[in-house]
Amino acid sequence: MIKLTLMVNGVAKQVICEQDESLANVLRENLGLTSVKIGCATGQCGSCSVIVDGKLVRSCSMKMKRVKEGAVILTTEGIGTPDNLHPIQVSWIANGGAQCGFCTPGFIVSSYALLQSNPSPTREDIRNWFQKYRNACRCTGYKQLVDSVMDAAAVMRGEMPLDDLLFKIPEDGRIWGTKYPRPTGVAKVTGTLDYGADLGIKMPTGTLKCALVQAEVSHAKIISIDTSEAEKMPGVEKIVTHKDVKGKNRITGLITFPTNKGDGWDRPILCDEKVFQYGDALAIVCADSEKNAKAAAAKVKVELERLPEYMNAQAAMSDDAIEIHPGTPNIYYTQKVAKGDETAPIFDDAEVVIEGDYFTTRQPHMPIEPDVGFAYLDDDGKLCIHSKSIGLHLHLYMIAPGLGVEPENLVMVQNPTGGTFGYKFSPTMEALVGAACLATGKPVFLAYDWYQQQTYTGKRSPQFTSVRMAADKEGKLLGMETDWTVDHGPYSEFGDLLTLRGAQFIGAGYDIANIRGEGRTVCTNHAWGAAFRGYGGPEAEFPSEVLMDELAEKLGMDPLELRYKNVYREGSTTPPVVIPRFTPCRDVRHPSSQVRGSQKENGCQFHRRDQARCRHRPRCLWFRS
Ligand code: FES
Ligand code: FES
């Protein structure tokens with residue numbers, strides 16, 4: 001242990017800490033300065049930026065043994081407060097620089113340091129500074145941030161009144177279309193908005209800290225999980241395994257379409273019989289500190305029998321591949337599309353035919369805020385789970401049966417959340433903290449580190465897509481054939497819905513009279529698929545747009561002219577149709593909220609069973625169409 005007196009935001013503070021502790025943790029946990037956010041914890045994202053003795057540093061990477069006695073430290077709390085905002089903070093709000101806001105305090109400190117050293121930076125200077133000090137933002141695209149610094153610098157030089165940055169309600173009182181400040185703006189720019197990890201520090205005494213035991217192979221049978229040695233480690237309260245989960249220990253993937261060959265109950269909360277992907281959760285260690293929990297997690301012994309690992313769709317589709325989920329074929333959902341006439345004769349007769357094969361990759365969401373959450377039992381005995389969930393009601397029903405909790409006894413809460421970009425449309429750790437809380441009867445807290453963020457959250461699913469287009473010599477599209485394969489990883493969550501996007505969006509925007517195509521969802525042992533910005537759109541439109549460029553080249557046409565010629569217009573006689581077509585019934589209580597278009601006369605499943613008594617009929621889009 002070391003003892004230091006530091007001058008933090010103008011106030012002398014004594015800290016006693018391990019010399020190997022990071023400055024970020026000491027500022028957050030010893031001094032309560034939670035504007036210092038920890039994103040990557042490896043010096044790569046800048047969210048933990050502070051100024052130490054006049055130098056901008058990433059405090060997650062600075063060990064306390066490098067901090068000198070009497071060091072002068074400035075955090076966002078010392079730059080401005082909600083009642084007394086600094087011009088940089090005002091400018092950040094005015095320019096929309098704080099979106100999710102998780103990166104914001106780090107950027108404010110970084111900008112402050114920049115303007116101390118260079119009061120008149122150019123836009124390029126600002127970009128270079130952020131690059132040099134590794135300030136990363138996943139939400140804004142940086143323009144707003146550069147604008148913010150430029151305006152703040154002008155105010156600080158006395159060239160612009162601060163008042164110019166303050167929002168004024170228009171005379172007509174209309175807010176829509178204005179730069180009305182984000183309601184959470186002040187809290188975000190001052191670092192006073194508590195995200196999940198900040199709330200975790202403020203949990204009651206006795207809250208257990210969790211660490212995951214994760215699989216280090218991609219496909220295996222579990223022979224045994226031995227926790228005996230780990231249980232003897234210091235500070236350990238309990239090691240939770242599948243045996244402690246009272247419900248069906250599965251998270252449902254919410255099968256969307258009845259033609260899906262799986263039942264959706266494919267993701268274990270804690271693996272019991274098999275490991276399906278690298279990073280799967282095998283056990284949760286609950287201990288008095290995160291350090292002790294992690295040390296004990298390393299002592300859990302898992303005996304496995306390795307199985308073939310199918311790391312892409314082609315491998316999982318091969319004739320000799322075993323079923324990853326026994327009883328469900330690896331190709332568990334097929335989606336066809338058909339429109340107009342059969343395409344084979346059209347391609348035979350067409351003057352121009354062009355085709356291409358495309359691969360769009362798996363992609364991590366890379367939020368600056370890692371996954372984080374906690375759970376506790378409230379005074380009514382309800383299980384309360386706080387997380388980054390962006391689908392609270394959905395997630396409640398996805399995890400309640402697995403935990404063995406009645407939905408009415410489960411409360412889901414979204415913490416202030418750093419951007420998720422879609423990955424939090426799937427539950428990640430909600431069921432894990434729920435299981436740990438129920439097994440221990442105590443509040444529990446789990447913060448992912450960057451490794452866990454990469455290995456136990458969903459990713460954009462890779463897609464293999466083949467497209468053929470037929471056209472006449474003038475560039476009029478006559479037909480399209482498509483084939484696409486979605487590698488959705490081992491868990492079915494929304495995989496069928498994602499695969500539908502291929503039918504909807506390959507060639508979207510163009511008036512193509514004749515289309516035939518087929519897509520499929522494939523179970524593999526790579527990372528599980530989750531929603532991502534655009535949800536299937538980029539995977540579908542990238543191939544057809546590239547092919548349009550190639551077609552233009554082949555025809556010697558301008559690519560824009562080719563698109564303009566074929567673009568879908570009002571009055572086009574051939575709107576895009578997906579067959580089987582599904583039209584959503586708006587009543588979410590329907591067991592299947594979809595309508596199969598080929599069964600027009602019958603409507604959705606719910607209506608088919610009892611049309612006369614269906615009180616939702618007026619709201620079913622099918623019956624309105
Ligand atoms: S650089 Fe410190 S948390 Fe990312
Ligand atoms: S506002 Fe920068 S990461 Fe969200």
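Observations on the model:
- Accessible area per residue for the stretch 303-451, computed on protein heavy atoms with a 1.4 Å probe, is 42 Å².
- Per-residue HN-Hα couplings for the stretch 492-501 [Karplus 6.51, -1.76, 1.60; θ = phi - 60°; Hz; x = Gly/Pro]: 7, 2, 6, x, 5, 4, 5, 5, 4, 4
- Dipole of the chain computed with +1 at Lys/Arg Cβ and -1 at Asp/Glu Cβ about the Cα centre; of Gly418, Pro258, Thr521, farthest Cα towards the positive end is Gly418.
- Close amide H partners of Tyr510, meaning residues 5 or more places away or on another chain with modelled amide H under 5 Å apart, are Tyr568.
- On full extension, the segment bounded by Glu561 and Asn118 gains 154.7 nm, given 0.36 nm per residue less the C-alpha separation.
- For Lys301, net neighbour charge (Lys/Arg +1, Asp/Glu -1) across residues whose Cβ lies under 14 Å away: -3
- Principal semi-axes of the equivalent ellipsoid, √(5λ) from the alpha carbon gyration tensor of the stretch 399-516, are 44, 15, 13 Å from largest down.
- Accessible area of the stretch 300-451 belonging to carbon and sulfur atoms, whole % at 1.4 Å probe: 53 percent
- Sequentially through the stretch 364-378, phi angles give Karplus couplings (6.51, -1.76, 1.60; θ = phi - 60°) of x, 7, 6, x, 6, 8, x, 5, 7, x, 7, 8, 7, 9, 7 Hz, Gly and Pro residues having no value and appearing as x.
- The distance separating the Cα centre of the stretch 481-518 from that of the stretch 12-83 comes to 48 Å.
- Percent of C-alpha pairs per 5 Å bin, the stretch 70-221, short to long: 2, 9, 16, 18, 16, 12, 9, 7, 5, 4, 2, 1, 0, 0
- Taking other residues whose beta carbon is less than 12 angstrom from the beta carbon of Asp53, and scoring Lys, Arg as +1 and Asp, Glu as -1, yields +2.
- Near Asp341, once Lys and Arg are set to +1 and Asp and Glu to -1 for all other residues with Cβ below 14 Å from its Cβ, the sum equals -2.
- The base-10 log of I(q)/I(0) for the stretch 230-359, evaluated at q = 0.19, 0.21 Å⁻¹, reads -1.16, -1.26 [Debye formula, identical scatterers on Cα atoms, solvent excluded].
- Solvent-accessible area of Ile515, all protein chains in place: 20 Å² (probe radius 1.4 Å, heavy atoms, ligands and nucleic acids excluded).
- A simple charge model with +1 on the Cβ of Lys and Arg, -1 on the Cβ of Asp and Glu and nothing else charged puts the dipole of the stretch 368-518 at about 360 debye relative to its Cα centre.
- Highest average first, the peptides 76-86, 36-46 ordered by how many other beta carbon atoms sit within 10 Å of their residues are 36-46, 76-86.
- Percent accessible area from carbon and sulfur atoms, the stretch 69-221, protein chains only, probe 1.4 Å: 52 percent
- Note on the chain: helix-only mean residue ellipticity at 222 nm, from DSSP H runs of 4+ residues weighted -39500 (n - 2.57) and normalised by residue number, equals -7000 deg cm²/dmol.
- Once the C-beta distance of Asp472 and Ser318 is scaled by a Förster radius of 35 Å, the resulting FRET efficiency is 0.30 to the nearest 0.05.
- Cα-based radius of gyration for the stretch 99-166, normalised by 2.2 N^0.38 Å, reads 1.06.
- Semi-axis lengths (Å, descending) of the ellipsoid that matches the C-alpha gyration tensor of the chain: 45, 35, 23
- Here, P(r) means the percent of Cα pairs in each 5 Å bin from 0 to the largest distance; for the stretch 304-451 it is 2, 7, 12, 12, 11, 12, 13, 10, 7, 5, 4, 3, 2, 1, 0.
- The chain, relative contact order [Cα under 8 Å, separation at least 6], %: 13 percent
- Mean projection of the Cα convex hull over all viewing directions, computed for the stretch 2-98: 6.3 nm².
- Inter-label distance for Lys248 and Glu342, nm, one decimal - labels placed 7 Å from Cα along Cα-to-Cβ: 4.3 nm
The values are calculated or read from the model by the stated rules, or taken from the named source; none is laboratory data. Everything numeric here is computed off the predicted structure, so don't read it as measured data. Here Cβ is always computed from backbone atoms with ideal geometry, including for glycine, and neighbour counts include all displayed protein chains. What goes into the accessible areas is simple: the full protein's heavy atoms, side chains included, and nothing from ligands, DNA or RNA. Shrake-Rupley method; radii C 1.70, N 1.55, O 1.52, S 1.80 Å.
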